[in-house]
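Step one of this worksheet: look at the structure below.
The values are calculated or read from the model by the stated rules, or taken from the named source; none is laboratory data. Values in this document were obtained by computation on a predicted structure and should not be read as measured data. Note that each Cβ is placed from the backbone with ideal geometry, even for glycine, and that neighbours are counted across all protein chains shown.
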Amino acid sequence: MSLDIDIIIFIAFLVTNLVVGLAYGREVKTISDYSLGGRNFSTGALVSTIVATCVTGSGFFIILTKTYSDGFYYLIPTVFIIIQMFITVYFLIPRMGEFLGNVSVAEAMGDIYGKEIRLITAICGILKMVGGIAVQFKVFGNIFNYFLGMDSTYAILLASAIVVVYSSFGGIRAVTYTDVIQFITFGFVVPLIGVVLWNHIYNNNIAFSEIIENSNFDYKKVLDIGNPKLWDMIPLILYFIMPSTDPTSFQRISMGRDIYQARKAWFIAAILFGLVTLSICWIPFLLTLLEPGLQHNQVVNYLVDNYTFVGLKGLMIIGIAAMAMSTADSRINAAAVLFANDIGKTFNIKINELVLSKLFSLVLGIFATYLAIIKTDLLSIVMTSASFYLPIVTVPLLLAIFGFRSTKKSVSAAMVAGFFVVLVGNIFEVKADTILIGMLVNMLVLFGFHYIFKQAGGWVGIKDYSYLEKSKKENNRMISALIRNIQDFSFIEFCKERAPKDELNYMWLGIYFIIYGLAPCIRPG
C-alpha cells in the first residue's frame, strides 16, 4: 500500500512538471525567447529559478554524506557557498549592466574578444553543463534505488526523458515555471526531514552535548591552527567562494529586466539558498546524534529505512527529484543556447537557431543520460566537468566584469595555459587542486602577456556605471541625512513633541527617567 501511495505522489509530481513546462513553453518564437523568455519574469519567479538551479540533487547527497562523515571539515566550507552568492549580489551584478540581455555568456565574451573566444567559451560551457546534467540524472537513479528498489537505469531513463522533453521544447519559460514548482517542493520537504529527526531526538532525550564526542564536530579541535586537516579545507573553501559565472548563473542575471531587479532577486535567493543549504546540513548533524557509527554510503539508506513512513517516503522522493530536475533542465537550456547561438553562428550553420537549440537539447539529454548510466562517482563527475570551465573561462570573464579588458591574444594565451594545467593534472593524476592552480596560472599569464607585450586595454572600467552611480548617490544622501538629523537633534524638543497630556502619563515619564538615570548604577559589573 505504501509503495502505491509513494509512486502515485511521484508520478503526479512528474506529470505536473511536464504539463506546466509544455504549457508555458508554447510562446517561444525566437532564440532570445528560448534563452531569456522576453526578460519579463516577476521577481518571485526569478528568485525561484535561481534557488532551484543552485540547489542540486547531487549537492544534497554530497552534503548529506560528507557532513556526516567529515563533520565541520565539510560543513564550514559549505557555508562559503552561501557567501559566494552574496559576493555575486554585491560585487558582480552591479557591474554587469552592459551584459543584461546577452543571450549567453559566450555571446558576452565574444562581444569583447571576438568569435574565437566566443567559440572557446561556448565549448567549455557545454562541457561543464554535460557533466552537471549527467550527475543530476544519476541522482534520479540513486533515489529510485534507495527508496523503491527500482533498477536505477530505468529510473534515469524515465525521469530524464521528462526533463529533456519540457526543457527542450519549452525553453527558459518552461524551465523557470517548473523551477517554481520544484523550489516549493524541496523547500517544504528538506525542513520536514529535519523536523522528523528532531522529534526522534527529543523523544529519546538525546543531549546535543553528545555530538562533541565525535571529533569531527568538536569545533575547538577543528579550528585548532595546529590541526593539519584545518588547512586541507582551504582549497575547498576557495573553490566554493569563487563567484559563479557559469552559463546558468550568467543567464539568471541576464534574464533580469534591469540591474535593480536582478540584484533584488539574487539577494532574496541568496537568503533562501542559505536557509535550504543549512537545512540540508542540519539533517546529517541530527543523524550523527541518533546513529553515529554509520559508513558514509549507508547514510541515505539508514535515513529511509528508519525515519520514513507512508507518504513521507514519496515526499522525500519528489523533494530530491525536484533538486535534480531543477538543475538539469536549466543546464540543458543553457547548453542548447550555447550551441545554437554561439557555435552555430560561428560555423554559420544554416538551420534556424530555435530548431537547432531544440535538436541539440535532445541529443545532449541522450548523451547525458548515457553518461549517468555508466558513471558511478558523483563528486568526480562534478569536478571533472568544472575543470573544463573554471580554469579557462572564469578568470577573463570576472576580470571583464570588474573592468579589465585586454586583447584576444592575451585571453587566448591565458585560456590555453589554464587548460594545459588541468590536462597535465588529470593525465598524471596530480593530487593538488588543479582547478584552482589552473585559474591562478590563467590570471598570471593574462596579466603577464598583457603588460609584457604591451597589449591594448587594461583597467578601462565598466561601460554601464548608471547603477553604481545611483547607488553611490543614494548611500551619500542617506549618510548626509543621518548626520544632519544627529546635528539638529534636540532632546528637549524631542520630549515636547512626545509630551503626555495628563498627570498619569507625567508620572510614567518621571519613572522612566529615574530608571534611565539609575541604570548605569544598577547594571551588573
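Residue count for segment 72-121 under the criterion of being assigned to a loop (DSSP other than H, G, I, E, B), more than 24 Å from Ile268 (Cβ to Cβ) and not β-branched (Val, Ile, Thr): the result is 2.
Any residue at all in segment 346-357 that is at pLDDT 85 or above, surrounded by fewer than 18 Cβ atoms within 10 Å (Cβ to Cβ), on the phi > 0 side of the Ramachandran plot and in the same structural domain as Gly170 (by TED's automatic domain parsing)? For segment 346-357, residues at pLDDT 85 or above, surrounded by fewer than 18 Cβ atoms within 10 Å (Cβ to Cβ), on the phi > 0 side of the Ramachandran plot and in the same structural domain as Gly170 (by TED's automatic domain parsing): present. Being of a type in the set (A, V, I, L, M), more than 23 Å from the chain's Cα centre (by Cα), part of a loop (DSSP other than H, G, I, E, B) and buried (at least 18 other Cβ atoms within 10 Å of the Cβ) is the requirement here; does Leu286 meet it? Answer is no for this residue.
Hey, does segment 37-58 have a residue that's outside any helix (DSSP H, G or I), surrounded by fewer than 22 Cβ atoms within 10 Å (Cβ to Cβ), on the phi < 0 side of the Ramachandran plot and in contact (Cβ under 8 Å) with a residue 60 or more places away in the chain? Scanning segment 37-58 turns up at least one residue that is outside any helix (DSSP H, G or I), surrounded by fewer than 22 Cβ atoms within 10 Å (Cβ to Cβ), on the phi < 0 side of the Ramachandran plot and in contact (Cβ under 8 Å) with a residue 60 or more places away in the chain. Those residues that are touching a residue at least 60 places away in the same chain (Cβ under 8 Å) and not small (Gly, Ala, Ser), I need them from segment 388-406; list them, please. Matches in segment 388-406: Phe388, Tyr389, Leu390, Ile392, Val393, Thr394, Pro396, Leu397, Leu398, Ile401, Phe402, Arg405. For segment 131-183, filtering for residues that are part of a loop (DSSP other than H, G, I, E, B) and within 14 Å of Phe10 (Cα to Cα) leaves 1.
Counting only helices (runs of 4 or more DSSP H) that sit wholly inside segment 185-270, those with at least 3 residues that are free of Cβ contacts under 8 Å to residues at least 60 places away in the same chain and surrounded by fewer than 15 Cβ atoms within 10 Å (Cβ to Cβ) are 228-241.
A count restricted to segment 74-111 and to residues that are surrounded by fewer than 20 Cβ atoms within 10 Å (Cβ to Cβ), among the β-branched types (Val, Ile, Thr) and over 16 Å from the mean Cα position of the chain (by Cα) stands at 1. Confirm whether Val20 is crowded, with 24+ Cβ neighbours inside 10 Å, touching a residue at least 40 places away in the same chain (Cβ under 8 Å) and farther than 30 Å from Thr407 by Cβ. No, not satisfied. Return yes when Ile332 is surrounded by 24 or more Cβ atoms within 10 Å (Cβ to Cβ) and either within 14 Å of Phe13 (Cα to Cα) or touching a strand residue (DSSP E or B) at 6+ places or on another chain (Cβ under 8 Å) (or both) and no when it is not. So Ile332 does not fit the description; no. Return yes when Val393 is under 30 Å from Phe61 (Cα atoms) and modelled with pLDDT of 95 or more and no when it is not. Taking the combined requirement at face value, the residue satisfies it. When Lys473, Lys431, Lys409, Lys463 are screened for being surrounded by fewer than 17 Cβ atoms within 10 Å (Cβ to Cβ), farther than 24 Å from Gly97 by Cα and modelled with pLDDT under 95, only Lys431 passes.
Determine, yes or no, whether Ala12 is assigned to a helix (DSSP H, G or I), in the same structural domain as Pro191 (by TED's automatic domain parsing), in contact with an Asp or Glu (Cβ under 7 Å, 6 or more places away or on another chain) and of a type outside the set (Lys, Arg). In short, no.
Just to verify a result, which residue in segment 433-474, among those that are of a type in the set (Gly, Ala, Ser) and touching a residue at least 24 places away in the same chain (Cβ under 8 Å), is farthest from Arg405 (Cα to Cα)? Top of the filtered list is Ser471.
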